[in-house]
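J.: For reference, the structure I am asking about is given below.
The values are calculated or read from the model by the stated rules, or taken from the named source; none is laboratory data. All of these numbers come straight from a predicted model, not from anything done at the bench. All Cβ positions, glycine included, derive from the backbone under ideal geometry; neighbour counts span all protein chains shown. All accessible areas refer to the heavy atoms of the entire protein, side chains included, with ligands and DNA or RNA removed. Shrake-Rupley method; radii C 1.70, N 1.55, O 1.52, S 1.80 Å.
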Amino acid sequence: MLELAARCIGGLCSRALRFPGGTSLEEMVLANALGRPTPGHRGGRPSGVLMLPVPRAGVLRAVEGRTEAAATPGITGLTITIPLGQRVRPLPEGDRYLGFVFAEGDTQDQVEKTLGVARERLCIVIQ
C-alpha cells in the first residue's frame, strides 16, 4: 500500500533542496520506495528556507517590505501563502505559516544570516 497524500516535508519547503537532473524530493522518495535507482548526491550550494510564522491572531492586512526582502542578496524566492483579509492564528492554534523565504549562499551561516536579514525587512500587519 502507498499513502496517497504523504508529504516528505511541508509543501513548499522541498524547493530548498536540489537534486541532479532537476529531480524533486518527492520523485526521489518515490523512486526509493519502489526500489528504483536514484541519482547520486551532487554537492551544491548551501540553501535554506525560513517558514514565516503568524505572529498573533487577527486579520492579515498587509505584508510590507516584500520587494526589499526579495532583493536581499542570496534570496531566491519569497512566497506569501495566506491571502490578505484572511483571519490568522499563530501555531499551535493556527494551522499554517504566513509564507516562506528561500535562500542560497556560499556557506550555511551565510544562508542563515541572509534569511534573517530578509525577515527583518518584512512587516506583517495583522489587526
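J.: Output the residues belonging to the range 90-106 that are under 14 Å from LEU52 (Cβ atoms) and assigned to a loop (DSSP other than H, G, I, E, B).
T.: Answer for the range 90-106, where residues must be under 14 Å from LEU52 (Cβ atoms) and assigned to a loop (DSSP other than H, G, I, E, B): PRO90, LEU91, GLY94, ARG96, TYR97, LEU98.
J.: Could you check, for the range 107-124, whether at least one of its residues is in a strand (DSSP E or B) and in contact with an Asp or Glu (Cβ under 9 Å, 6 or more places away or on another chain)?
T.: Checked against the condition, which is being in a strand (DSSP E or B) and in contact with an Asp or Glu (Cβ under 9 Å, 6 or more places away or on another chain), the range 107-124 yields at least one hit.
J.: Between residues in the range 68-88 that are in contact (Cβ under 8 Å) with a residue 40 or more places away in the chain and residues that are in a loop (DSSP other than H, G, I, E, B) and open to solvent by 50 Å² or more (accessible area, probe 1.4 Å), which pairs lie under 6 Å by C-beta distance while being six or more apart or on different chains?
T.: Filtered contacts from the range 68-88: GLU68/ARG121; ALA69/ARG121.
J.: Take the residues in the range 24-45 that are under 30 Å from PRO83 (Cα atoms) and either touching a residue at least 60 places away in the same chain (Cβ under 8 Å) or not small (Gly, Ala, Ser) (or both); name whichever of them is most open to solvent (accessible area, probe 1.4 Å).
T.: GLU27
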